[in-house]
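First up is the structure itself, then whatever we jot down about it.
No lab work stands behind these numbers, since they all come straight from the coordinates. None of these values were measured; they are calculated from a predicted model. Glycine also receives a Cβ, built like all others from the backbone with ideal geometry; neighbour counts cover every protein chain displayed.
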Amino acid sequence: MRPLVPTFRSGDERYYSDTCDALREGVQRGEVHLSARARGQYPGDPFPTDDLGEVRTVGYWNANHDQSWGLDWHRNEGIELTYVTRGRVGFGLEGQDHELKSGDLTITRPWQRHRLGNPHVTACRLNWLILDVGVRRPNQEWKWPAWLLMSSEERQYLTTILRHNEQPVWHANDEIAFYFHRLSDVADQYAFPTGNSQFKLYINGLLMELVSMLKAQNPSLTPSLSSTQRAVELFLTALPEHVGHEWTVDSMAQACGLKRRRFSHYCQQATNMTPMAYLARCRIERPCHLLRRHPEMSITDVAFTSGFASSQYFSTVFNAHLGVTPRQYRKGVRSRYAVTASTEPADPIPASP
């Protein structure tokens with residue numbers, strides 16, 4: 001398993017993009033063909049220079065039979081466009097599943113948790129582009145690459161649509177299909193520096209056609225999707241995945257780009273709890289869930305998965321807050337089970353020392 005590499009930092013928070021290990025392994029087994037240019041931990045041949053630095057990965061895979069792998073729930077550090085050239089494939093976003101068919105386009109924002117495969121990828125050819133526009137939260141300012149040729153009005157229109165409408169699946173027009181095909185050709189025949197110029201040309205064309213397609217469909221807009229309240233709600237939703245971090249109220253607020261008092265206000269609006277009370281609940285709810293639903297996991301595995309540095313420390317914290325050991329809890333002893341955390345705990349559960 002490749003180590004996760006931080007792709008974005010905001011204060012003490014670190015965001016991670018998918019390593020795509022399952023895809024890499026499928027390629028190594030000869031199950032799927034991959035052609036891509038990439039940066040960081042994405043699979044594919046690396047770009048030779050920092051030119052096109054905003055393009056995190058561009059390319060395609062071709063799976064001519066059903067696969068034994070899928071890309072599990074993850075987030076990316078850029079706007080992700082995928083296009084199904086042939087076949088069908090399962091696609092999930094924020095817990096909702098879709099079946100993509102030939103001609104379907106997906107638009108995924110960096111803060112949206114998604115997966116490909118249900119749980120495995122079926123026979124399909126899938127194209128993609130992940131473009132980093134400098135945002136990780138919906139209320140941040142978008143920074144499009146300087147090499148984009150769109151007018152300022154077109155950039156603003158596209159930004160507004162992508163911030164205020166989160167529809168994940170669209171049926172692409174022929175022009176969008178054309179540009180994805182051209183991007184595939186460049187990935188197949190890449191030669192520097194011509195390849196970078198061709199990528200720029202076709203990405204410009206793709207995004208301008210995306211603007212035209214969206215204008216023609218006139219999607220409804222919801223300005224609250226880019227609000228600070230939504231940014232805090234998304235952070236709180238993702239917090240159970242990062243319970244091992246040494247969070248403070250200040251670092252949580254900084255991860256949302258807010259001051260301590262304002263973050264606390266929005267947290268209480270969303271959860272009816274103070275930030276530390278909500279964090280304490282997350283740090284106990286996750287291992288409780290694992291202990292209930294995964295009897296095959298050892299106590300040590302539950303501790304590490306929940307962000308604790310050792311099973312001994314985990315057992316101490318668990319017993320202090322629930323009155324039973326993790327082993328007793330698993331056996332059904334819940335004499336002092338109080339995970340709701342409706343009031344501020346006297347001693348908020350710290351991260352592993």
| query | Looking at the square roots a ≥ b ≥ c of the eigenvalues of the Cα gyration tensor of the stretch 88-196, which shape do they give, rounded for a/c under 1.5, prolate if a/b is larger than b/c, or oblate? | reply | oblate
| request: Return the long-range amide H neighbours of Asn118 (sequence gap of 5 or more, or a different chain), with a cut-off of under 5 Å between placed amide H atoms. | output: Gly90
| query | Could you give me the ³J(HN,Hα) list for the stretch 148-158, computed from phi with Karplus coefficients 6.51, -1.76, 1.60 and θ = phi - 60°, whole Hz, x at Gly and Pro? | reply | 6, 9, 4, 5, 4, 5, 5, 4, 5, 4, 5
| query | Stretched out fully, how many nm does the piece from Leu201 to Met150 gain, at 0.36 nm a residue minus the Cα gap? | reply | 17.2 nm
| About the Cα centre of the chain, what is the dipole size in debye to 20, counting +1 per Lys and Arg Cβ and -1 per Asp and Glu Cβ, all else neutral? | 1120
| field | Cβ-derived FRET efficiency at R0 25 Å, Trp73 paired with Asp45, nearest 0.05 | value | 0.40
| query | Reachable lysines from Lys215, Cα under 16 Å, same-chain residues fewer than 8 places away excluded? | reply | none
| query | Distance from the Cα centre of the stretch 190-207 to that of the stretch 15-87, in angstrom? | reply | 18
| Classify the stretch 6-223: rounded, prolate or oblate, from the alpha-carbon gyration tensor (a ≥ b ≥ c, eigenvalue square roots; a/c under 1.5 rounded; otherwise prolate if a/b is larger than b/c)? | rounded
| Taking a spot 7 Å from the Cα of His171 along the direction of its beta carbon, which residues of the stretch 85-115 have an amide N less than 14 Å from it? | 100-105
| field | Whichever aspartates and glutamates have a C-alpha closer than 12 Å to that of Lys200, once near sequence neighbours (fewer than 8 apart) are set aside | value | Asp51, Glu54
| task | State the answer as a single residue: which of Tyr266, Asn218, Asn196 lies farthest towards the positive end of the charge dipole of the stretch 144-279, with beta carbon charges of +1 for Lys and Arg and -1 for Asp and Glu, about the Cα centre. | result | Tyr266
| said: Which one, Gly332, Pro145, Ala253, projects farthest toward the positive side of the charge dipole computed for the chain from Cβ point charges (K/R +1, D/E -1)? | reply: Gly332
| request: Place the peptides 217-223, 70-76 in order of packing, highest mean first, counting for every residue the other Cβ atoms within 10 Å and averaging per peptide. | output: 70-76, 217-223
| message | Between the stretch 101-176 and the stretch 224-278, how far is it from one alpha carbon centroid to the other, in angstrom? | response | 25
| field | Max mean-square fluctuation residue, GNM over the chain, Cα-Cα springs under 10 Å, options Met297, Met276, Met252 | value | Met297
| note | Exposure-ranked with fewest Cβ neighbours within 10 Å first, Glu246, Glu94, Glu77 stand as Glu246, Glu94, Glu77
| field | Environment charge at Pro138 (Cβ cut-off 10 Å; Lys +1, Arg +1, Asp -1, Glu -1) | value | +3
